[in-house]
Amino acid sequence: MTVELGAFALALALALSLAQTVLGLIGGRRPTLAGAGEGAAIGAFLGVAVAFAALLTAFITSDFSVANVASNSHTAKPLLYKLAGTWGSHEGSMLLWCLILTGYGAAVAGFGKGLPAGLKSRALGVQGLLGVLFLAYTVLASNPLARLASPPIEGRSLNPLLQDPALAFHPPFLYLGYVGFSVVFSFAVAALIEGRVDAAWARWVRPWTLAAWSFLTIGIALGSFWAYYELGWGGWWFWDPVENASFMPWLIGAALLHSAIVTEKRGALSGWTLFLALAAFTFSMLGAFLVRSGVLTSVHAFAVDPTRGVLLLSILGVSSGAAFALFAWRSPALAPGGVFAPASRESLIVLNNILLTAATGAVLFGTLYPLIYEAFAGAPITVGPPYFNLVFGVLMGLAMLILPFGPLTAWKRGNVVDSAAQLRLAGAIAVLVGFLIFALMSPRKALASGGVALGAWVIAGAASEIVQRTRAFKAPWPEVRRRLTGLPRGSWGMTLAHAGLGLFILGACFETSWKVEAAEALSIGGQVRLGAFELTLKSVGTVDGPNYIAERGQLTVTRGGKPVCAPAPERRFYPAGKQSTSEVALCNLGFSQVYTVLGERRAAVGGGPAWLVRAYYNPWVQLIYLGPLLMALGGLLSLSDRRLRFAVGSKP
Amino acid sequence: MRPLLVVLTALMLMAGAASDPSERLQDPAQEARARTLFAQIRCLVCQNESIDDSDAELAGDLRKVVREQITAGRSDGEVKAFLTDRYGEFVLLKPRFSPANAVLWLGPFLAALAGLALLASRFRRREPTPALSGEEESRLAALLDDETA
C-alpha cells in the first residue's frame, strides 16, 4: 500500500512540476500567478519526498515484492546498508536525484524571499521544467517502485564492496552537489529570458554555487576515500570515466565560484559567468548520462541499458541545447561589464578560469577521445592515467603558481610587483621546502619535490594574505586582534579553501612518490620489511559477521623492534552474493598510514599454511582527504557569511 | 531487470596484483623497471585498468611477457613496441604523440592559449580609463573643497 501511495505521489509530483513550469514562466510577467508556482514547487518536492519515503520503507522492511528491493537488498544486511540500498541502484539513485532537484526548487521558493519577483518566478519555472524532464524519465522509464508479480523469499543483496559507511553517504553528497548546479542553471536561464545580468544576480547565484560545490567536494572525497581503503591497494584516483564525470562539474563549479565574484564585485564577465552557470549543470547531466548509458567502459558503472542512455542524452540535449541557444541569442545584448587593467585581480581570476576550463577540457576530451578516435580511425585507443596526470598536472600547476597572487592584487588596477613583494617570504619558504624535500627524501625525485614546493607555496601564500590583511608582525597586537576578528567569514573561507588545496597537493605528491610497498607469503610468525617497519603475522582466526564470515589476520608493526601498532586486516566472504572482499586495516602515524591487507591462503615452502600479506606505507596520505575537507569547510564558511546569505543582498 | 553494478565485480580483482611475490624477478632493478612499465600497459580485457593493478588472468600473462622481455635485456621502448605490434595502440595507457593524436595532446593547451588571446584582445580593445593626471587631481580636490566649504 505504501508503495502504491509512493508511486501515486511521484506521478503527482510530475504533474505539479508541470504546473510549476507553466505558472513560473508566465508568473514572470503576471505576479498573481507566481505564488501558485511557488506552491507547486513545494508540492512537487513533498510528492517526491513521499515516494522516496515509500521506497525507504520498502527497503527497511525488506519488501521483496518491490523489484528494486528484491535485486538490491537482503534481510541479513545491516540497517545502514538497507537504507543506503535505496540509492544504491540506478532507479533508486534517479529518485534521489529527483528528490534533490525538487528540494532545491522548494528551497528557492521558500528561502528566496528577497529575490525580485520576476527573476524568482522564472527561475522556478525553469527548475520546474528540469523537474518535469527528470520526473517523467523516472516515472516512465525507470520506476523505482515497480512491483514484482511473484516476489522472491530473499533479496539478491547489495554488492558487499558497497556496504561501507563512506559509500553509504557518498551518493547523497555527490547528488547534492551535481543537482545543486541546477539552481544556478535555472537562474542563468531566467536571467537570459529577462536579458539582465548584473552584480545583484551574481550575488544570488553565488551561495547556491558555493553550496553545490562544497557538497560535491565532500561527495568526491568520500568516494575517493572509499576506493582507497576498500579496493585493497591504496589507489585513490584512477581517472576512470565515472570519476571524471564527477570531476568535470567540480572544476567548472570552481571556475564559476571565482568568476561570479568578479561579476558580483565588479559587474564584469557577466556573459562568461552565465556560460559557466549553464555549463556546470550540463556537465552534471553529462555525468549522469556517461555513468548510466554504458557508452564508455568504466570500472564502476551502473547496470548498462542503452535505452536509458538515449533518454538521458535527450534530456541533456533538450535542456542544455535550449539554454545554450538562448545564451547565443541573448548574451551579445548583455551590458558590457566594468573594465579592468591587465594587472588586476579580475585578470588573475580570468587566468584561473582559463586554466580551470582548459583542464576541464582536457578531462572531457581525454574521457571521450577513445569514442571519437574509434569512430574516425576504426581502431580502439586508450587514454589512461598517464595522459591525465601529465596534461591536467601541467595546467593545474600553472594555476597553482598564480593562485597566491589573486587575493593580494587589487581590483581594477593592481600592482603585481607589490603583490610579489608581499609574497617574498611565501616564495622563499616554498623554494626552501622544495630543496629540503629534494635533498632529504629517498629516492630523490625532482618533479615530486617541485610539486611539494608548489603545495607549500599555495599554503604559505594563503597565510601571507591573512598576515597582510591583519598587519600581523607590523601593527601592535590589539590592532591585529581587532583586524583578525573583523575579517569577514567569506575571507576566512577563501583562505581555508586555498590552504586545503595546498595540503591536498602535499598529500598527493608524497603519497604517489614515496609510497613503499611490501608483499610476501607469510606463515604464522613470519616477518616482512616495509621501509623502516617490520610486519609480523601473529595469528589468523575466523570471525562471524552479520552477513559474512571472515578470516582475520593479527599483525604487529614494529619499528626497530619497538611496537608501533597492531592492525587486523580481514578477508570476508559474503554467502548471499558468493563474493569475497578484503577489509584492510590502517594504522595512523601522524598524517601517514601503514596499510595492511590479508590476501589468499597458499602453501608455505615448508608445507604449512601461509597467507599473502600485502602492506603499504603511505606517507602523508591523510592530507589527501583533509585537504578537500578544508576546501568544503571553506566553502560552507563563506556560505555562512552574512553578506552572502541566500538573497539577503537583494534588500535595499 | 538486471542486478546493479554488474561491472563492479571487476573491481574486486583490483588488488595490486603485480606485487605478488611468486611473480617477482630476482633483480630488484629489473623488477622496478617492470613495475613502472606495468603501470603504462592496459589490461586488455579489463575496464581501464593497468596490468599492474589487475588480477585478471590475461593481465598476469602480460606481466609474465613483460618480465621475460626485461630479463632478456630488452629496453622499455622495445617492450612497448613488442606489445603494440601484437595488440595495437589500445594496449598503451598513454597514447603516443602522433599526428593523429596531436589534437588530444595539444588541444587543452591550445584552448588555454585561445583564452589568453581573448583576454589580451580585450585589453587592446578597451583601454581602462586612465588614472587622473596631476592637474585633474588638483581640480578634483578644489571641487571637493568647494563642496565641504
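Residues in the range B:104-128 that are within 8 Å of chain A (Cβ to nearest Cβ) and at pLDDT 90 or above: B:L104, B:W105, B:G107, B:P108, B:F109, B:A111, B:A112, B:G115, B:L116.
Residues being of a type outside the set (K, R), at pLDDT below 90 and more than 26 Å from A:L162 (Cβ to Cβ) are represented in the range A:585-603 by at least one member.
When A:F52, A:F64 are checked against the criterion of being touching a residue at least 12 places away in the same chain (Cβ under 8 Å), among the aromatic types (F, W, Y) and either outside any loop (DSSP other than H, G, I, E, B) or within 26 Å of A:L115 (Cα to Cα) (or both), A:F52 stands alone in meeting it.
None of A:L133, A:L119, A:L79 is touching an Asp or Glu at 6+ places or on another chain (Cβ under 7 Å) and surrounded by fewer than 24 Cβ atoms within 10 Å (Cβ to Cβ) except A:L119.
Given the condition within 14 Å of chain B (Cβ to nearest Cβ) and either buried (at least 17 other Cβ atoms within 10 Å of the Cβ) or part of a helix (DSSP H, G or I) (or both), answer yes or no: does some residue in the range A:421-428 qualify? Checked against the condition, which is being within 14 Å of chain B (Cβ to nearest Cβ) and either buried (at least 17 other Cβ atoms within 10 Å of the Cβ) or part of a helix (DSSP H, G or I) (or both), the range A:421-428 yields no hits at all. Within the range A:322-333, take every residue that is loosely packed, with under 14 Cβ neighbours inside 10 Å and either in a loop (DSSP other than H, G, I, E, B) or touching a helix residue (DSSP H, G or I) at 6+ places or on another chain (Cβ under 9 Å) (or both) and give me the one that is nearest to the other protein chains (Cβ to nearest Cβ). Looking at the filtered set, the residue picked out is A:P332. Only residues that are part of a loop (DSSP other than H, G, I, E, B) and within 13 Å of A:G545 (Cβ to Cβ): list them for the range A:561-581, please. Answer for the range A:561-581, where residues must be part of a loop (DSSP other than H, G, I, E, B) and within 13 Å of A:G545 (Cβ to Cβ): A:P575, A:A576.
Out of the residues in the range A:145-161 that are among the aliphatic types (A, V, I, L, M) and buried (at least 24 other Cβ atoms within 10 Å of the Cβ), which is modelled with the highest pLDDT? Top of the filtered list is A:L145. Identification of helices (runs of 4 or more DSSP H) wholly contained in the range A:334-419 with 1 or more residues that are within 7 Å of another protein chain (Cβ to nearest Cβ) and surrounded by fewer than 18 Cβ atoms within 10 Å (Cβ to Cβ) yields A:345-377, A:385-402.
Contact map, the range B:79-97: first residue within 7 Å of chain A (Cβ to nearest Cβ) and free of Cβ contacts under 8 Å to residues at least 24 places away in the same chain, second residue surrounded by 21 or more Cβ atoms within 10 Å (Cβ to Cβ) and of a type in the set (F, W, Y), Cβ cut-off under 7 Å, separation 6 or more or different chains; pairs are B:P95/A:Y387. Which one is surrounded by the most Cβ atoms within 10 Å (Cβ to Cβ) among residues in the range B:50-71 that are within 10 Å of another protein chain (Cβ to nearest Cβ) and out of contact with any Leu (no Cβ under 7 Å at 6 or more places or on another chain)? Once the filter is applied, the top-ranked residue is B:D53.
Considering the conditions (1) buried (at least 16 other Cβ atoms within 10 Å of the Cβ); (2) of a type in the set (S, T, N, Q); (3) out of contact with any strand residue (DSSP E or B) (no Cβ under 7 Å at 6 or more places or on another chain), A:N588 is excluded by exactly one of them, (1). With the requirement that a residue be more than 12 Å from A:Y616 (Cα to Cα) and surrounded by 19 or more Cβ atoms within 10 Å (Cβ to Cβ), what does the range A:503-519 give you? Listed by number, the residues that qualify are A:L503, A:F504, A:I505, A:L506, A:G507, A:A508, A:C509, A:F510.
If you go through the range B:1-37 and keep only what is at pLDDT 50 or above and closer than 16 Å to A:G232 by Cα, you end up with B:A15, B:G16, B:A17, B:A18, B:S19, B:D20. Criterion applied to A:A254, A:A260, A:A288, A:A245 was being part of a helix (DSSP H, G or I) and modelled with pLDDT of 95 or more, and the one residue passing it is A:A254.
Scanning the range A:505-545 for residues being touching a strand residue (DSSP E or B) at 6+ places or on another chain (Cβ under 7 Å) and in a strand (DSSP E or B) gives a total of 22. Listed by first and then second residue, the pairs linking a residue in the range A:458-487 that is more than 19 Å from A:I505 (Cβ to Cβ) to a residue that is surrounded by fewer than 15 Cβ atoms within 10 Å (Cβ to Cβ) and of a type in the set (K, R), with Cβ atoms under 7 Å apart and 6 or more places separating them unless they lie on different chains, are A:E479/A:R471; A:V480/A:R471; A:R483/A:R471. With the condition kept exactly as written, say whether any residue in the range A:398-408 is of a type in the set (V, I, T) and under 25 Å from the mean Cα position of the chain (by Cα). Yes, the range A:398-408 contains a residue that is of a type in the set (V, I, T) and under 25 Å from the mean Cα position of the chain (by Cα). Scanning the range A:554-581 for residues that are of a type in the set (S, T, N, Q) and at pLDDT 85 or above returns A:Q554, A:T556, A:T558. Taking first residues from the range B:32-49 that are more than 7 Å from chain A (Cβ to nearest Cβ) and without any contact (Cβ under 8 Å) to a residue 24 or more places away in the chain and partners that are basic (K, R) and part of a helix (DSSP H, G or I), no Cβ contact under 7 Å between residues at least 6 apart in sequence or on separate chains turns up.
Checking each residue in the range B:26-55 for being under 18 Å from B:D85 (Cα atoms), touching a strand residue (DSSP E or B) at 6+ places or on another chain (Cβ under 7 Å) and in a loop (DSSP other than H, G, I, E, B) picks out B:Q40, B:C43, B:I51. Of all residues in the range A:74-88, which are within 14 Å of chain B (Cβ to nearest Cβ) and either assigned to a helix (DSSP H, G or I) or within 26 Å of the chain's Cα centre (by Cα) (or both)? If the condition is that a residue be within 14 Å of chain B (Cβ to nearest Cβ) and either assigned to a helix (DSSP H, G or I) or within 26 Å of the chain's Cα centre (by Cα) (or both), then A:Y81, A:A84, A:G85, A:T86, A:W87, A:G88 are the ones that fit. Residue count for the range B:56-85 satisfying the condition of being assigned to a loop (DSSP other than H, G, I, E, B) and touching a Cys at 6+ places or on another chain (Cβ under 9 Å): 1.
Restricting attention to the range B:18-30, report how many residues are more than 11 Å from chain A (Cβ to nearest Cβ) and either among the basic types (K, R) or surrounded by fewer than 16 Cβ atoms within 10 Å (Cβ to Cβ) (or both). Final tally of qualifying residues: 5.
Just to be sure, is A:L176 more than 14 Å from every other protein chain (Cβ to nearest Cβ), at pLDDT 90 or above and under 12 Å from the mean Cα position of the chain (by Cα)? Yes.
Residues being of a type in the set (S, T, Y), farther than 30 Å from A:S121 by Cα and within 13 Å of chain B (Cβ to nearest Cβ) are represented in the range A:89-111 by at least one member.
The values are calculated or read from the model by the stated rules, or taken from the named source; none is laboratory data. The model shown is predicted, which means the values in this text are computed figures rather than measured ones. Cβ atoms come from the backbone with ideal geometry, glycine included; neighbour counts cover every protein chain shown.
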